[in-house]
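**Student:** The structure's right below; bear with me while I get my questions together.
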Amino acid sequence: MIPEIYFFMGKGGTGKSTCSAVFSVQQSNKGKRVLINSIDPAHNLSQIFGRTLFHKCNRVENNLYAKETDLNVWKKKYLTSIEEEMRLAYKHQTAFNLNKYFKTLKYSPGLEEYAMILAIEDNLKNKENVEIVIFDTPPTALFLNFISLPYSSLKWLEQLFSLRTLILKKRGTIDRIRRGNKQKEKESDMVSEGITSMISRFKDLSEIFRSKKSHYTIVMNPDSLSFSESQSIVNHLGDLGINVESVILNKYDGQRIFFESVVSTFREARVVTLKKEEEEIVGLERLKEISEPWRAPN
Amino acid sequence: MKAICLKICRKITVKAKELFCSISFFEKGLATQVIEVELIQLENIFALLLFGCFVGLPAPPVHLTLELLPKMEKELIIMMNRVFASKDPLGELFSTLDIT
């Protein structure tokens, strides 16, 4: 069963991790089985929960699980599997010549976003059997790159698939001419099989991102910079066919005019506030204290 | 007589020096020739790696390239051969048409 997915996004430093942690505690107190997963390379959940969290799932309380995904682990796992596949498929010399490039491939742009996709796909398998998965995401630029990845990949894959189909058609024609009327069993083409399997993976993922199972919450502060960045997120997600459900106005100091302008700008979303706290929000007890009177985004 | 002999000896020494110099120049040329070819190839690969998109090679997202890489040994070898043959298009044409 695919769990309900919540993404907390926004400008760096607006309080995405705190808000997602408060939400996770609130939902777990309602009796739901919740997993909160930080996919931000600069994690904060350990500090917020006041305990060390690891790459693997950690039980925080009865129904509440947390983890800090180490993207480097996913990158390494992925590159090792490709290397292994190459060693099996390639002739010794070709594989040997390419192997040295793998050391630098982990620094390739785009691989971090792909590592996030792999982490999310792993969460969607729902090995922990949770009802809700909350993702504490990296700041805007990296988040938007990551969320667009299935869509941009699909554009490339569709082009590659049509080109491959053309190549196979030409190969078939040559083969038929050479063989005359002799029928030959249709050979499977590993490349087009690979493309088809990737198309199906990315289609599933993009459908899940657009489905009612996925919920998007922007966390912003009452300042013009995070306000304009939040507008950019809404526009970008709108282009992908994704709607933002809620906006959390965090560190809200009671400025009514600002609140009203947020409500009028993000008409489609529900706007909730989290007031500025004098005391730091650290530790499970403090999170519970905050979550009780707070109106959650859903 | 002695003066003439000395003059001849000096001339022989100069010519011998010139000969050794030219041999050394030729040897140096031979030695660097191989490195120069290697250098040009490396520069070519470096430019292709960095600027492939400027010569009609668009750069797809890296995970697509990597996922398909283990399945494309044949295509990869063809591409490498194409790169090496690109300097001698006539030679490639003749070999395609089997003209010797």
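**Student:** For A:Lys11, indicate whether it is more than 14 Å from every other protein chain (Cβ to nearest Cβ), in contact (Cβ under 8 Å) with a residue 40 or more places away in the chain and assigned to a loop (DSSP other than H, G, I, E, B). Walk me through it before giving the result.
**Tutor:** On the way: more than 14 Å from every other protein chain (Cβ to nearest Cβ): yes; in contact (Cβ under 8 Å) with a residue 40 or more places away in the chain: yes; assigned to a loop (DSSP other than H, G, I, E, B): yes.
Answer is yes for this residue.
**Student:** Does A:Ile174 satisfy being surrounded by fewer than 17 Cβ atoms within 10 Å (Cβ to Cβ) and not in a loop (DSSP other than H, G, I, E, B)? Step through it out loud before you land on a result.
**Tutor:** Numbers: surrounded by fewer than 17 Cβ atoms within 10 Å (Cβ to Cβ): yes; not in a loop (DSSP other than H, G, I, E, B): yes.
Yes.
**Student:** Among the residues of segment B:57-87, what is the count of those that are within 14 Å of another protein chain (Cβ to nearest Cβ) and either among the basic types (Lys, Arg) or within 24 Å of the chain's Cα centre (by Cα) (or both)? Break it down into steps so the answer makes sense when it comes.
**Tutor:** Let us first name the residues in segment B:57-87 that are within 14 Å of another protein chain (Cβ to nearest Cβ), namely B:57-81, B:83-84.
Next, from what is left, pick out any that are either among the basic types (Lys, Arg) or within 24 Å of the chain's Cα centre (by Cα) (or both): B:57, B:71, B:74, B:76-81, B:83-84.
Number satisfying all stated conditions: 11.
**Student:** Among the candidates A:Ile242, A:Ile233, single out the residue that is in a loop (DSSP other than H, G, I, E, B), modelled with pLDDT of 95 or more and either touching a Pro at 6+ places or on another chain (Cβ under 9 Å) or surrounded by 12 or more Cβ atoms within 10 Å (Cβ to Cβ) (or both).
**Tutor:** On the way: A:Ile233 fails: in a loop (DSSP other than H, G, I, E, B).
On inspection, the qualifying residue turns out to be A:Ile242.
**Student:** Tally time: how many residues in segment A:102-126 are in a loop (DSSP other than H, G, I, E, B) and free of Cβ contacts under 8 Å to residues at least 60 places away in the same chain?
**Tutor:** If we filter segment A:102-126 for residues that are in a loop (DSSP other than H, G, I, E, B), which is where we start, we get A:106-110, A:125-126.
Okay, now just the ones that are also free of Cβ contacts under 8 Å to residues at least 60 places away in the same chain, so A:106-110, A:125.
The qualifying residues number 6.
**Student:** Within segment A:130-164, how many residues are touching a residue at least 12 places away in the same chain (Cβ under 8 Å), more than 14 Å from every other protein chain (Cβ to nearest Cβ), in a helix (DSSP H, G or I) and of a type outside the set (A, V, I, L, M)?
**Tutor:** The total comes to 2.
**Student:** Separate question: Suppose the filter is over 30 Å from A:Ile2 (Cβ atoms), among the hydroxyl-bearing types (Ser, Thr, Tyr) and within 13 Å of chain B (Cβ to nearest Cβ); does A:Tyr107 pass it? Write out each step before concluding.
**Tutor:** Details: over 30 Å from A:Ile2 (Cβ atoms): yes; among the hydroxyl-bearing types (Ser, Thr, Tyr): yes; within 13 Å of chain B (Cβ to nearest Cβ): yes.
Criteria met by A:Tyr107.
**Student:** Shifting gears a bit: Test A:Glu84 against the criterion of being within 14 Å of chain B (Cβ to nearest Cβ) and at pLDDT below 90, and give yes or no.
**Tutor:** Details: within 14 Å of chain B (Cβ to nearest Cβ): yes; at pLDDT below 90: yes.
Spelling it out, A:Glu84 is indeed within 14 Å of chain B (Cβ to nearest Cβ) and at pLDDT below 90.
**Student:** Considering segment A:38-61 alone, what residues qualify as being within 17 Å of A:Ala119 (Cα to Cα), of a type outside the set (Phe, Trp, Tyr) and free of Cβ contacts under 8 Å to residues at least 24 places away in the same chain?
**Tutor:** A:Leu53, A:His55, A:Lys56, A:Asn58
**Student:** Can you say whether A:Phe227 is over 15 Å from A:Met9 (Cα atoms) and surrounded by 15 or more Cβ atoms within 10 Å (Cβ to Cβ), as far as the supplied structure shows?
**Tutor:** Values: over 15 Å from A:Met9 (Cα atoms): no; surrounded by 15 or more Cβ atoms within 10 Å (Cβ to Cβ): yes.
The answer is no for A:Phe227.
**Student:** With the checklist (1) of a type in the set (D, E, K, R); (2) surrounded by fewer than 17 Cβ atoms within 10 Å (Cβ to Cβ); (3) under 28 Å from B:Met72 (Cα atoms); (4) touching a Leu at 6+ places or on another chain (Cβ under 7 Å) in hand, flag the one item A:Lys75 doesn't pass.
**Tutor:** The failed condition is (2).
**Student:** If you scan segment A:190-222, which residues turn out to be surrounded by 13 or more Cβ atoms within 10 Å (Cβ to Cβ) and outside any helix (DSSP H, G or I)?
**Tutor:** A:Lys213, A:Ser214, A:His215, A:Tyr216, A:Thr217, A:Ile218, A:Val219, A:Met220, A:Asn221, A:Pro222
The values are calculated or read from the model by the stated rules, or taken from the named source; none is laboratory data. Keep in mind that this is a model prediction, so the values were computed, not measured. Quick reminder, even Gly has a Cβ in these numbers, built from the backbone with ideal geometry, and neighbours come from all protein chains shown.
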